[in-house]
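Notes to accompany the following structure.
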Amino acid sequence: MKKVVKTQVGIIGSGPAGLTLSRILSLCGIDSIIIENQSREYIEQRVRAGVLESGTVDLLNQIGVGGRMMKEGMVHHAVELRYDKTSHMIDLTGLTGKEIMVYGQQEIVKDLVMAHVDKEKRPIYFQVSDVQLNDIETDKPEICYLHEGSEYHIQCDIIAGCDGFHGVSRQSIPTNKLSIYEHAFPFAWLGILAEATPSTDNVIYANHEKGFALHSMRSPSLVRNYVQCNVEDNVNNWSDDRIWSELQDRMELEEGFTLNEGTILEKGITPMRGFIADPMQFGNLFLAGDSAHIVPPTGAKGLNLALRDVRILSSAIEEKIKKNNRSYLDSYTKDCLPHVWHAQYFSWSMTHMLHKFSDNDPYQAQLQLSQLRHVTTSLHASTALAENYVGLF
Ligand code: APR
Ligand code: PHB
């Protein structure tokens, strides 16, 4: 049986972008419905990135979901770069006056779902299938899907495509109306979550002749580490011993350093790509977050960009719904993309500076060391890196 539901904004995807958008709209008195093709358990457990710019922290606090983050999140005032077996601090706060917060993306998702479902008592339709967007170029767009054996049609004024890189929203825009900019890097990251005490107070990015490595954390007893691996690598090629041994090698320091080890709870491989869809809108469909753009994770920008889109989109939707002023919706792409491209550039340059591109390119390896010496010794260059990292641009 076909069931018709009406709302003002139909949101596809309950990742950070969709959930935050729905929360902001609800606080402005605008009604929305979220549909999600995975289960609540799945989205709450999926381990992703975890570095928040101060603007992202402010937004989560303003919308009333920052309580646990402020207690459990870890404020960092610096990041460390390692190369040539030496350690170099970028003093983020000294250089920019800002700090970053390390707090896992799935914790943000849990906090947002809890506010939405358990506190506000609003449903999220999980485990939907066969999602299809109709009439998106008209004033009466529609989202159709199957849920618990019934066919649903959400009739709304605006559709927000927050369904990530593999979602249906972007694919619903005619290909001749979209320019796609894409770059695939010739390596991937193997990420682990492990029960261990963080080895330092800061996130460490290491350039090493064996390849890139990253040390990060989630709590005083949980670490998140990454090693560069091959694009077509498989987690089964990586025993726990091999992972720890590569991490120890790539994090080495002249004066000696041992990374704390522990039980590995989760392993996964993330491809490294840059991707931008332009425009981020078509008719009454607006893309936000990973559905519109992906950055390689080296700059830790993905989540921050997603929430920036949502802030801009929510104000534009409010203008349209409350004042019948469509101009901010019309300029949504123009208001988002310059910043998205800047973050793309920063993530690309961090990726280039830190990864091993080939087994046999000593010229490139020397260029990377030269760039690393520059960003760690020139005040201007380290300030530029710090400004990008904390999100001033
Ligand atoms: N129908 C409904 N939901 C869908 C569909 C679909 N057809 N396809 C995908 N989804 C859901 C996914 O299951 C996921 O929960 O959309 C959600 C998209 O969430 P994210 O991938 O987390 O994307 P976004 O909210 O934009 O957050 C961006 O994710 O990849 C990281 O680094 C990135 O931190 C950034 C963040
Ligand atoms: C993480 O903590 O998962 C993390 C940190 C820094 C990055 C990417 C991921 O650049």
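Tell me, please, whether a residue that is open to solvent by 10 Å² or more (accessible area, probe 1.4 Å), under 30 Å from LYS3 (Cβ atoms), hydroxyl-bearing (Ser, Thr, Tyr) and modelled with pLDDT of 95 or more can be found in the stretch 171-190.
Yes - at least one qualifying residue is present in the stretch 171-190.
What number goes with the only condition from (1) over 30 Å from ARG373 (Cα atoms); (2) surrounded by fewer than 21 Cβ atoms within 10 Å (Cβ to Cβ); (3) more than 16 Å from ligand 2 (Cβ to nearest atom); (4) of a type outside the set (Val, Ile, Thr) that ARG46 does not pass?
Of everything listed in (1) over 30 Å from ARG373 (Cα atoms); (2) surrounded by fewer than 21 Cβ atoms within 10 Å (Cβ to Cβ); (3) more than 16 Å from ligand 2 (Cβ to nearest atom); (4) of a type outside the set (Val, Ile, Thr), ARG46 misses just condition (3).
Among the numbered criteria (1) out of contact with any helix residue (DSSP H, G or I) (no Cβ under 8 Å at 6 or more places or on another chain); (2) of a type outside the set (A, V, I, L, M, F, W, C); (3) within 30 Å of TYR328 (Cβ to Cβ), which one does ASN236 miss?
(3)
Looking at ARG250 and the list (1) more than 16 Å from ligand 1 (Cβ to nearest atom); (2) at positive phi; (3) surrounded by 22 or more Cβ atoms within 10 Å (Cβ to Cβ), which single condition is not satisfied?
With (1) more than 16 Å from ligand 1 (Cβ to nearest atom); (2) at positive phi; (3) surrounded by 22 or more Cβ atoms within 10 Å (Cβ to Cβ) applied to ARG250, the lone miss is (2).
When you go through (1) over 16 Å from the mean Cα position of the chain (by Cα); (2) open to solvent by less than 10 Å² (accessible area, probe 1.4 Å) one by one for ALA292, which number turns out not to apply?
Condition not satisfied by ALA292: (1).
Give the stretch 94-111 a look and list any residue that's more than 25 Å from GLY164 (Cα to Cα), of a type outside the set (A, V, I, L, M, F, W, C) and either within 14 Å of ligand 1 (Cβ to nearest atom) or open to solvent by 40 Å² or more (accessible area, probe 1.4 Å) (or both), or say none. Step through it out loud before you land on a result.
Looking only at the stretch 94-111, we keep the residues that are more than 25 Å from GLY164 (Cα to Cα), and these are 94-99.
Among the residues that remain, those that are also of a type outside the set (A, V, I, L, M, F, W, C) are: 94, 96-99.
Of everything in the stretch 94-111, those that are more than 25 Å from GLY164 (Cα to Cα), of a type outside the set (A, V, I, L, M, F, W, C) and either within 14 Å of ligand 1 (Cβ to nearest atom) or open to solvent by 40 Å² or more (accessible area, probe 1.4 Å) (or both) turn out to be GLY94, GLY97, LYS98, GLU99.
Mind listing whichever residues of the stretch 52-89 are within 16 Å of ligand 1 (Cβ to nearest atom) and open to solvent by 20 Å² or more (accessible area, probe 1.4 Å)? Walk me through how you get there before you give the answer.
Within the stretch 52-89, the first condition is being within 16 Å of ligand 1 (Cβ to nearest atom), and the residues that meet it are 52-53, 55-57, 59-60, 63, 65, 69, 73.
Passing the criteria: GLU53, GLY55.
The values are calculated or read from the model by the stated rules, or taken from the named source; none is laboratory data. As the structure is a prediction and not an experimental result, all values here were calculated from the model. Quick reminder, even Gly has a Cβ in these numbers, built from the backbone with ideal geometry, and neighbours come from all protein chains shown. Side chains are part of the model used for accessible areas, which takes the heavy atoms of the whole protein and leaves out ligands, DNA and RNA. Shrake-Rupley method; radii C 1.70, N 1.55, O 1.52, S 1.80 Å.
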